[in-house]
């Protein structure tokens, strides 16, 4: 940073100021967008050897964008994220960069930005790089043979989660105040839980996935990871909206920032898992989520024990997820880089791409009605985000597809049902284990009701103060 920026605030304080804090510094002229971007890039370069949050840094373009942001601000222009450094997951198209999605081999650079990136640039954000992910986002850890292992800022011996693990690590380490990921079975919420962050999976259609108009056959939503609820809401506003060619327009909900105070709610506390999935929850996680339930009662909400009736939601997920892997890998010419378990997932997806895929999609309305009956008696569902604490890095390295899939379903059984329904969900910090590993609690909402989830999360944050705790 320049001398002016260095004396205005301590560099660490600026790095962990959050989106709103950095915007305030920019507005008061205490720091410039160029200085913020230089700080983010320097922290990224310093932490990359230890944590590896990024697949690639786009320093030259970022500094040009930051300079332009300063020029616009000097002329009185304002935009929601003007001059704030951010990061995006390596499954979205950034013009001039490849989109390997964790896979090795030669790929052509993207010719244009995807809609998510276009909206971020329109909001004035400065994109400093693309973050790490496992191959085709398959697993809740961010490791790949081509690009290495991403580690958790809270304990580098452990994974930050996945598949948006690089984005979570970048925020938790104070490189950027907000980063963006994709969630097809929990891939935003799981790393949020394991990195002490707020992770939002919006309502399907809320954020455009163009140029993929049916991303992972409707399972995937793009969402923000941030340290505070208010920052997550501000970031969600910046990216929300449709592309003209989207399959379904987003539901009309209005802006999410500022976050609204919710009325007194009835909250269903549940530790049930979908049929066929392990319901064994780490005792420390169960205790943490039960404590969050008591905190909600302190806030004036009614907490009742009530389980969603999931039905056969798992079989509705598997054909869509694996068929999407098969479809995505059609763009990869050289598959010799791929892990054997990734190739098996693609083979399964190819076999399921016919009538099983069609049947799984036709089953969705009935599943939505069945699962949605929980909202006849409750406004929100509270569950753990994960059943297990973050595992050590490489804990599942070299395992077969079957072994990995079974281990993963036992670790993360609570998130994927809401990808099948398409409804919104948020993971919020719920404390720490004895080993000082983060724990997350999940808030699940009815269709299009991010407002209630964000409001409830903000109330918890005011009580818990999780933004004050740093790695």
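Rule-based calculations on the coordinates, nothing more; no lab input. This structure is a prediction, so every number in the text was calculated from the model and none was measured. No Cβ is skipped: glycine too gets one built from the backbone with ideal geometry, and neighbour counts run over all protein chains shown.
With the simple spin-label model, which puts each label point 7 Å out from Cα in the Cβ direction, the residue 307 to residue 78 separation comes to 5.1 nm. The peptide list 10-22, 71-83, 93-105, put in order of mean Cβ contacts within 10 Å with the highest first, becomes 93-105, 10-22, 71-83.
Subtracting the Cα-Cα distance of residue 434 and residue 468 from 0.36 nm times their residue separation leaves 10.4 nm of extension gain. Going by neighbour counts of Cβ atoms within 10 Å, the residues 121, 373 line up, fewest first, as 373, 121. Computed on the chain, with alpha-carbon pairs under 8 angstrom and 6+ residues apart, the relative contact order is 17 percent. Within the chain, antiparallel bridges make up roughly 65 percent of the DSSP beta bridges whose residues both belong there. Does a label point 7 Å from the Cα of residue 395, set along Cα-to-beta-carbon, have any residues of region 159-175 with amide nitrogen under 11 Å, and which are they? Within reach of a label on residue 395: 159-161.
Determine the shape class of region 276-360: with a ≥ b ≥ c the square roots of the Cα gyration tensor eigenvalues, call it rounded for a/c under 1.5, and otherwise prolate if a/b is greater than b/c, oblate otherwise.
Judged from the Cα gyration tensor, region 276-360 comes out prolate (a/c at least 1.5, a/b above b/c).
Going 7 Å from the Cα of residue 266 in the Cα-to-Cβ direction, what parts of region 308-330 have a backbone nitrogen less than 18 Å from that spot? Under 18 Å, as judged by backbone N against the label point of residue 266, lie 308-309 of region 308-330. Under the shape rule built on the C-alpha gyration tensor, where the axes satisfy a ≥ b ≥ c, region 387-471 is oblate, since a/c reaches at least 1.5 while a/b does not exceed b/c.
Remark: the Cα gyration tensor places region 1-123 in the oblate category, a/c being 1.5 or greater and a/b not exceeding b/c.
Would you kindly state how much longer the chain becomes between residue 20 and residue 368 on full extension, computed as 0.36 nm times their sequence separation minus their alpha carbon distance, in nm to one decimal?
Additional length available on full extension: 121.7 nm.
Based on DSSP H segments of at least four residues, each scored -39500 (n - 2.57), the chain has a per-residue ellipticity at 222 nm of -11500 deg cm²/dmol.
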